[in-house]
Amino acid sequence: MPHLFPLQLLLVTFAGWSNRHQAQAIDYLIEENRVLKEQLGKKRLRLSDDQRRRLAAKGHALGRQLLNKVATIVTPDTIMRWHRRLIALKWTYHTGRVGRLGIMKEIRKLIVRMATENSGWGYTRIVGELKKLDRTVARTTVAKTLKDHGIPPSTDRPTTWRAFLKAHANVICAADFFTTEVWTARGLVTHYVLFVIDHASRAVHIAGITTNPNRVFMTQMALELTDPIYGFLRNKRYLILDNDILFKDRFSSLLEDEGVKVVHTGYQAPDMNAFAERWVRSIKTECLSNLILVGNQSLEDAVSSFAQHYNRERPHQGIGNELVATTEITATGPVMVTERLGGVLKHYYRSVA
């Protein structure tokens, strides 16, 4: 069993809980800012250059749409104007030391990159990493650069959800449902497809398809997924799920009884289950949206064909455009093509010469 640090285990266990509470805390702070602004009345707020810089950096990262919801001290247009001014100042700054200026731009870019990609790296750690790259800078230079870009010290930089998932991908899977409509003798009937995706390899397993995902169906799915010999989750330790009621109670308890810790995402936080969300988009846009499904068997054939295409034939950007099931390519013959579902899915390969 892979060894995980206690803090990382704590993050996994309470990820969903903390996200909900963070959202509540943000709502409270927004309302608190509105109240304070009302107390100030018509008095004009006087912000320092450092305060404007920090708000501009954070505001630009949020984007205008989200800013419209959360900005209360100043308007989104003001924050975006400050950001444009910071960019203008960056590119209109002149000095007689042309060569040094180019080097400093490179160093500052590296400092920002290292700090954003490594939440636990402090000023001294970044200085040491730059020294390895033959770039000698003072600790104060690192501190000032991060401050200018609105990046807090390492003690105030939390581990990102993306970084955490990447570090523990080998023991993490995610599961979700998607629905699709199928023509039957009763007209259009909604079918529910339950799938699981491996975070490390991106391999997908179709757990089951049903028109009625009730307690009996979910119990059977949990038992099959955790089967000690054939179960897709037999070597996994964590399963990311959203807060659908179907995943609660019996389903989650059966998984945890077999050593698979269930981690629920925050409410209205699809990015916390991004791999599963992206797979749903793939199967719908590349396959199901191009078919008219008539009868249960047509849906099962389509989903099964796409899963095989996805796992064996389709390159994936998330793993460097490699195949999930890697095979050594030795053929040197002419390029051939195989088709699934009447040509909806195609796979190109070289035949044996």
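The values are calculated or read from the model by the stated rules, or taken from the named source; none is laboratory data. Keep in mind that what you see is a predicted model, and the values were worked out from it rather than measured. So basically every Cβ, Gly included, is an ideal-geometry build from the backbone, and we count neighbours across all protein chains shown.
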Pairs where the first residue, in the stretch 298-315, is in the same structural domain as residue 207 (by TED's automatic domain parsing) and under 21 Å from residue 350 (Cβ atoms) and the second is in a helix (DSSP H, G or I) and not charged (D, E, K, R), C-beta under 6 Å, 6+ apart: none
Failed item, numbered, when residue 236 is tested on (1) closer than 30 Å to residue 338 by Cβ; (2) part of a loop (DSSP other than H, G, I, E, B); (3) among the charged types (D, E, K, R): (1)
Within the stretch 254-277, considering residues that are touching a strand residue (DSSP E or B) at 6+ places or on another chain (Cβ under 9 Å) and part of a helix (DSSP H, G or I), the one farthest from residue 179 (Cα to Cα): 256
Long-range neighbours under 7 Å by Cβ, at least six apart or interchain, first residue modelled with pLDDT under 80 within the stretch 142-161, second charged (D, E, K, R) and surrounded by fewer than 14 Cβ atoms within 10 Å (Cβ to Cβ): none
Output for the stretch 311-345, where each listed residue is surrounded by fewer than 11 Cβ atoms within 10 Å (Cβ to Cβ), part of a helix (DSSP H, G or I) and among the small types (Gly, Ala, Ser): 342, 343
Residue in the stretch 310-317 that is more than 29 Å from residue 231 (Cβ to Cβ) and at pLDDT below 90 present: no
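With the requirement that a residue be among the hydrophobic types (A, V, I, L, M, F, W, C) and at pLDDT below 95, what does the stretch 190-209 give you?
Within the stretch 190-209, 200, 203 meet the criteria.
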Evaluation of residue 233 against (1) buried (at least 19 other Cβ atoms within 10 Å of the Cβ); (2) within 16 Å of the chain's Cα centre (by Cα) (one fails), failing number: (2)
Test: residue 181 is of a type in the set (D, E, K, R), part of a strand (DSSP E or B) and within 24 Å of residue 282 (Cβ to Cβ): yes
Residue within the stretch 218-227 that is farther than 16 Å from residue 192 by Cα, among the aliphatic types (A, V, I, L, M), surrounded by fewer than 19 Cβ atoms within 10 Å (Cβ to Cβ) and assigned by TED's automatic domain parsing to the domain that holds residue 179 present: yes
Qualifying positions in the stretch 294-310 - surrounded by fewer than 18 Cβ atoms within 10 Å (Cβ to Cβ), in a helix (DSSP H, G or I) and in contact with a strand residue (DSSP E or B) (Cβ under 8 Å, 6 or more places away or on another chain): 296, 298, 300, 304, 305, 308
